[in-house]
1. So for M216, M222, what's the accessible-area order with a 1.4 Å probe, most first?
2. At 1.4 Å probe size, with no ligands or nucleic acids counted, give the accessible surface of K127 in Å², nearest ten.
3. Once the piece of chain linking R154 and D439 is laid out straight, how much longer is it, given 0.36 nm per residue of separation minus the C-alpha distance between them?
4. Using label points projected 7 Å from each Cα along Cα→Cβ, tell me how many nm separate E55 and R24, to one decimal.
5. Taking only protein heavy atoms into account and a 1.4 Å probe, give the accessible area per residue of the range 373-462 in Å².
6. First compute the accessible area of the chain with a 1.4 Å probe, then give the percent of it belonging to carbon and sulfur atoms.
7. Determine the gain in length on full extension of the stretch R39-I451; use 0.36 nm per residue of separation and subtract their C-alpha separation, reporting nm with one decimal.
8. Counting only heavy atoms of the protein chains, get the accessible area per residue of the range 19-64 (1.4 Å probe) and round it to a whole Å² value.
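The values are calculated or read from the model by the stated rules, or taken from the named source; none is laboratory data. Every value quoted in this text rests on a predicted model; they were computed, and no experiment measured them. Neighbour counts are summed over all protein chains in view; Cβ atoms, including those assigned to glycine, are modelled from backbone coordinates with ideal geometry. Only protein heavy atoms, including side chains, enter the accessible area calculation; ligands, DNA and RNA are left aside. Shrake-Rupley method; radii C 1.70, N 1.55, O 1.52, S 1.80 Å.
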Amino acid sequence: MRGLILAAGLGTRFRSKRPKVVHRLLGKPMVWYAFMTLRQAGVEEIGVVVSHMAEEVKRVLGEEVIYFHQDNPKGGTGDAVLSALDFWKDYKGYLLILNGDTPLVMAETIRNLQRFIHMVEKYEGVKLSGVVLTAHLSDPTGYGRVVKEEGTDRVVRIVEEREATPEEKTIREVNAGLYVFYAPHLLEVLKDVKPSERTGEVYITEAVSLMSSRGMEVRTFMATDPTEALGVNTRWDLSIAENVLRLRLIRFWSERGVTFHLPETVWIEPDVTFGEEVEVEPDVTLKGRTRVGKGAVIGRGSYIEDSEIGEEVRVLPYSVVIGAKVGRGATVGPFSHIREETVLEELSEVGAFVEVKRSKIGRKVKAKHLAYIGDAEVGEGVNVGAGAVTANYDGRKKHRTVIGRGAFVGSNSLLVAPVKIGEDSYVAGGSVITKDVPDGALAVERAELRILEGKGRKKLRN
Ligand code: UD1
Ligand code: CA
């Protein structure tokens, strides 16, 4: 089976300068969902019809599909299919056509639909010319209504909302925007489809009506779930579709051993993965290629993107982790900011108001309060005191700080990079370190403390 995605429409109702189908749902462009659904359903050859700002769509789908250009993006869905004529005119099999603004169709439904075609052929001896995916909606407003031969699944015609009679408008079975046509039969009828008198567009749905009037058999196939029919025409439709996708993902993972507390407040994206026994607290955002290991807890309000969270890690509330790797059993937060290219090794502890960037934090390191560690390598078991800062930037370049295993970096010390703090060395609180500290040394840099008896009270009374 070949698949054709229609993505050339202007999306006027969406009110965007960019093509509607590149707008994102859970971080992925709308048309990516249509593409992935076809891929997962085993459709190998995929064509995509594009028009205005085609480059944006091409950037999303790359080289994996074949592009066809629709000259008139107001030509209608039938005109879009005709624009890709080279893709299917010599094809002697079934062509699947899917609206690019229909991101909720499931691959499983397409596989079932394929089976349905085989079954009808095998057991009824009927070669179907077309199958239309449909759903029963409590509010069918805006969708094409499917008119069937009384008491059968045979489609007589599909009538658009604008053109429907009041009686037809009461039909609640709608066209979900996915069709499978036997290509030679589609070729026979599509060239004869006349543009709508009302809109001037050539509708793909008219091919269905024409097939039926010529005695070719078109049947409906019911979507597994009515949400699959949702077409995204407006930004509000996008919000609703995004929410459905989000809940589907959460449900998928909860069936695989993840607990989501207040799932309605959790954001997760399609590439996020989880091990078993993970707990996700409310208001959590998990984005990109984040992987959460077995037994981890993601605390309330945390934001994690493109990161690897190891097994048994505890991310305490309101932490931000982006582009980092957190090793097994480590603790992050509350209120930590772990940034790009950071590795927190096993059992390390990074606490409140600690920011770490492009650094390697060794096993069992403790940096529990108010520190900035950037471009650094911190050895095993180091203790970083409250307020310690690596001054990694001299105004022009970034420099590295290396802290040897077992060292103690006192509170409020400033490590001016490039600098090396030796193993088991001790940096006294408040020191500004501008030279390397050898292994085992004590480094103190402080003005002498003076205590002048009685002077304080005198100053206060002045
Ligand atoms: C279409 C169907 C309607 C169905 C609904 C399901 C037609 C005439 N109507 O209506 O029966 O219930 O989808 O969501 O097909 N496109 C092009 N070129 C064009 C016009 C559209 O490529 O000239 C693409 C769009 O980018 C979009 C898809 O086709 O991805 C559907 O077009 P749209 O205008 O949204 O059709 P609907 O009015 O929603
Ligand atoms: Ca639509």
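1. On the way: M216 30, M222 85 Å².
Ranked from most to least accessible, the order is M222, M216.
2. Here the accessible area works out near 80 Å².
3. On the way: separation 285, 0.36 × 285 = 102.60 nm, distance 8.43 nm.
Difference between extended and current length: 94.2 nm.
4. Label-label distance for E55 and R24, simple model: 2.0 nm.
5. Values: 5770 Å² over 90 residues.
Solvent-accessible surface per residue comes out at 64 Å².
6. Values: 11270 of 22700 Å².
The value for the chain is 50 percent carbon and sulfur by accessible area.
7. Details: separation 412, 0.36 × 412 = 148.32 nm, distance 7.65 nm.
This chain segment gains 140.7 nm when fully extended.
8. Numbers: 1870 Å² over 46 residues.
Heavy-atom accessible area per residue stands at 41 Å².
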